[in-house]
Amino acid sequence: MAIDDIDASDRKLMAQARAGRGVIAAQNAATTKAPTNDAEMLAALNAQIVKSQARLADLEKTQTELNLAQGLNADGSKKTATQVLMAQREETAATRATLEASNPLFNKAAGPPSAPAGYVYRWIGGTTTGQYQLYSTGAGTGGTVGTGGTDGTGGATGAFTWTDPDTGVIKTFNSAAELNAFVTTWSTKKSSDSATSAAAAAAKAKAEIEAQAKRTAQQDFKAALTEMGLADLADTVDEMIRQDFTASQIKLELPKQEAYMKRFPGMKALRDAGQAVNEATYISMEKGYLQTLGAYGLDSGVFGTRAELGKYIANLVSPREFEERVNIAKTRVADNADVVKQLKGYYPEIDDSAVVSYLLNPTKGMDIIKKQVRAAEIGAAATYAGFTDLGGKASLGTGYAESLIGATGTADLAALKKDFGQAKTLARTQSRLAGIEGQTYNDTEAVNAAIAQEQASILSSQRRAERETKYRFGGSSGVGSTSLKSTTNQ
């Protein structure tokens, strides 16, 4: 095959591939056409909204069904005592209607059923609570005249009897009219008593429902107060409710209660500063502080009591500042015994057993805390390097350590120890050279040169080293500012 034939074949295959990709692209465009203008985009958005609304409606319907199945209102709220009572009444009425439909003895409107001979049905009880009961008419047969002896008396005439359905006592009457009059009176009284009893029972049931609802509400209320640490206020608030205090009045009176002030010790200070927050926000702030303490392993039972948290809140300590304080207290101080010792030595006002509390105290400004901790780290690093004579003192004095804060930058304790180690090496070298020349050299000069980068001290050390080098080798010294200080400082 010639080269031209190969090129032609390749071109044909490439053309077919392009055509195939075009068909596929057209098919994809037909099935997933993207909006090309504002109208199409708006229509697509509306369609999505409709779908979302339909989905939301389904979810709301399901939630409503669940709420009703659990005995709640459709919106998920608890039923009031009145709603519970009405529901029970409706259930009772429905049960009664079913009973009346299935048993005529309970349907007063249908009239009394046919009674056997010698008996009669009479309605006993309220219209919706009573029933027909069967009573004997007591139609007796006349007695026979007795045959007496010499002083015998005549036999009794016919008698009518009636049995009390409640007690079983049998009563005897001389005539049907007397019996009917008694039964009518008795039935009327029985109906009245039943109605009174039913009313009393209903009233009792209502009272029990209301009492139970009230107990439930009180329990929920007390549980909520207990969660906020205000269980002692439950009775006080309950009494306010009994006295018809409005929610606004209760809200005004509640902060005056001792239990409230103990629970929210920082709230008054916030109000006085015009920075008042609600209880939910206050509790949220407490939780934030406690989470920070927990993250750094500090005892919340000591540093996270409500009284301590109240101090942070009252002094408007932000979550960021609080975390910075905790980090300084735990990571830079409490975890380094040398720093703790130096901090107490420099600042006697810090109690021997309350270093962390001192550092977390919001009344101590962050600038002061940072300065004191940094000075203590410098002193600890100097002591670690073996400096024992700085300006005639056993170790760096407080003022001298504080004067070096700016020169040390943000170097951590490990870097500071390294820098002071280099300063100590310089001190030994320069002391030896100074001794050869009959001069004196102290550790303060070494610290000033290596740590404080004091030019006079650097130059003095450099010249001394140059003289030594020149005397011994006729060369130049390698002592300079860059060799006197670690580059780890930032």
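The values are calculated or read from the model by the stated rules, or taken from the named source; none is laboratory data. Quick caveat, the model's predicted, so the values are computed rather than measured. In this analysis, Cβ positions are derived from the backbone assuming ideal geometry, glycine residues included, and neighbour counts consider all displayed protein chains. Note: areas computed on protein heavy atoms with side chains; ligands, DNA, RNA excluded. Shrake-Rupley method; radii C 1.70, N 1.55, O 1.52, S 1.80 Å.
Plugging the Kirkwood radius over Cα pairs into Stokes-Einstein for the stretch 257-396, at a temperature of 20 °C and a viscosity of 1.002 mPa s, what D comes out in µm²/s?
131 µm²/s
Give the value in nm², to one decimal: projected area of the alpha carbon convex hull of the stretch 268-320, averaged over all directions.
3.5 nm²
Regarding the stretch 219-260, what are the three Cα extents along the principal axes, ordered largest first, in Å?
Largest to smallest, the principal-axis extents are 23, 21, 13 Å.
Based on Cβ point charges of +1 for Lys and Arg and -1 for Asp and Glu, what charge dipole magnitude is obtained for the stretch 220-273 about its Cα centre, in debye rounded to the nearest 20?
Once rounded to the nearest 20, the dipole reads 280 debye.
Could you provide, to the nearest whole Å², the per residue accessible area of the stretch 229-281 with probe 1.4 Å?
64 Å²
Taking the Cα centre of the stretch 273-327 as origin, work out the dipole magnitude from +1 charges on Lys and Arg Cβ and -1 charges on Asp and Glu Cβ, in debye rounded to 20.
60 debye
Sorted by accessible area with a 1.4 angstrom probe, largest first, how do Ile436, Ile241 fall?
Heavy-atom accessible area, descending, gives Ile436, Ile241.
Take the Cα pairs of the stretch 317-361, get the Kirkwood Rh, then feed it into Stokes-Einstein at 37 °C and 0.692 mPa s and tell me D in µm²/s. Mind dumping the intermediate values first?
Numbers: Rh = 10.7 Å.
Result for D is 307 µm²/s.
Normalized C-alpha radius of gyration of the stretch 216-313, against 2.2 N^0.38 Å?
For the stretch 216-313, the normalised Cα radius of gyration is 1.19.
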